[in-house]
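Coordinate-derived values only; no laboratory data. This is a predicted model, so every value here is computed, not measured. Using ideal geometry, Cβ is built from the backbone for each residue, glycine included, and neighbour counts are taken over all protein chains shown.
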Amino acid sequence: MADRKIIAVVGATGAQGGGLVRAVLEDPAGGFAVRAITRDVNSEKAKALSKLGAEVVAADVDDEASLARAFAGAYGAFCVTFFWDHFSPDKEKAEARNMAKAAKTAGVRHVVWSTLEDTRRWVPLSDDRMPTLMGQYKVPHFDAKGESDQVFVKEGVPTTFLVTSFYWDNLIYFGMGPKPAPDGTLVFTLPMGDARLPGIAAEDIGRCAYGVFKKGASLIGKHVGIAGGHPTGAQMAASLSRALGREVRYNAVTPATYRGFGFPGADDLGNMFQFKHDFERDFVGARNLDEARALNPSLLTFDAWLARNKDRIPTT
Ligand SMILES: NC(=O)c1ccc[n+]([C@@H]2O[C@H](COP(=O)([O-])OP(=O)(O)OC[C@H]3O[C@@H](n4cnc5c(N)ncnc54)[C@H](OP(=O)(O)O)[C@@H]3O)[C@@H](O)[C@H]2O)c1
């Protein structure tokens, strides 16, 4: 244990961080130990990680000093923010800053920062193809992460920028699964037209992060885009039809229609899908499937993910 390099994991009880914790624990000969960070070391999820063999420590991404304590002595740190817990890009940027500063204070030698594109590099605020949101963003939960890349650079923290993708799991947990039409057919709605949507199992993000830590120095300073597949909406509907054993029809609404659905974050997500659609070449090109699989050989395609999870997708 003492000679293993410690990876401190923010969000360890969640989707991305949890994947990394499990990847480290499943590879005892890999030379790494894992330190799971949680706000509540006594929660059931935290206790379960401890039982699996993780060191579990308390910290809060809103409290830089607590992060510096949690990162102390660690070789690596996995940093992720939780936009959908608060819907605030400004809070997300402050959290990224806290993690970058804490990593610097603790002398962490390799940070993996879970990030996304700052879409304003492609769609400046003056571009009215989509509305500007909250005064200064096009896709708030993307832009805040992409903007925060610079914080890690400015702090001089050795960082790999892990550029993530749409979770396949959104079909279970984010209300994005197929819904029944009045005629009983299932309808899968996405404002993506015929464009491809890079996607990944949330767990695989953490597993790819483990691959980044194992590869080490050669990936510091690099952006590494990951996805398990690049299916179109129509291909996803066909996969869903096969997996569920009933017809699933693709319903390609416009981004404006999607923004108007009215659920919290619909405008942010409508803009996000429009960005992915309008800049398909860049967006897909930034997420190389072979490179992701090299980092994580157990990477799941959409079909493979469906084979494991089809019974958990709500269809009512
Ligand atoms: N959904 C998608 O398609 C998608 C795709 C790419 C990126 N993302 C991004 O992924 C991020 C979320 O990651 P995730 O899905 O892994 O999150 P998650 O599953 O919701 O897990 C979040 C975990 O983080 C911990 N946490 C929450 N607030 C915290 C705080 N203030 N301090 C410390 N820990 C805190 C919680 O653990 P405790 O309760 O144990 O503290 C929780 O278990 C979001 O920023 C989102 O934009 C999402």
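Some notes on this structure:
- Dipole-positive endmost among Val112, Leu240, Val153 within the chain (Cβ charges, Cα centre): Val112
- Electrostatic dipole magnitude of the chain [Cβ: Lys, Arg +1; Asp, Glu -1; Cα centre; debye, to 20]: 660
- GNM flexibility winner over the chain from Gly17, Gly31, Gly229 (Cα, springs under 10 Å): Gly31
- Helix 15-25 and the longest principal axis of the Cα set of the chain meet at an angle near 50°.
- Euclidean distance between Cα centres, the stretch 15-32 to the stretch 74-111, Å: 19
- Computed on the stretch 167-234, the Cα convex hull volume stands at 105 Å³ per residue.
- Packing-based exposure ordering (other Cβ within 10 Å, fewest first) of Cys79, Cys208: Cys208, Cys79
- Positive minus negative residues near Leu186 (Lys, Arg vs Asp, Glu; Cβ under 14 Å): +3
- Gain upon complete extension [Asn42, Asp62; 0.36 nm per residue less C-alpha separation]: 5.3 nm
- Cα-based helix-to-principal-axis angle, 140-154 vs the chain, degrees rounded to 10: 30
- Of the chymotrypsin sites (Phe, Trp or Tyr not before Pro) found in the stretch 234-316, those in coil by DSSP whose Cβ has at most 15 other Cβ atoms within 10 Å are Phe261.
- Shape descriptor for the chain: Rg over Rh equals 0.97 (Cα atoms; Rh from the Kirkwood inverse mean 1/r).
- The angle between the Cα long axis of helix 89-106 and the longest principal axis of the Cα atoms of the chain comes to about 30 degrees, rounded to the nearest 10.
- The distance linking the stretch 142-156 with the stretch 197-260 is 23 Å (Cα centroid to Cα centroid, whole angstrom).
- Residue pairs, from the table Lys47/Lys93; Lys47/Lys214; Lys47/Lys222, whose Cα atoms sit over 32 Å apart: Lys47/Lys222
- Residue among Ala100, Ala77, Ala243 with the largest mean-square fluctuation in a Gaussian network model of the chain, springs linking Cα atoms under 10 Å: Ala243
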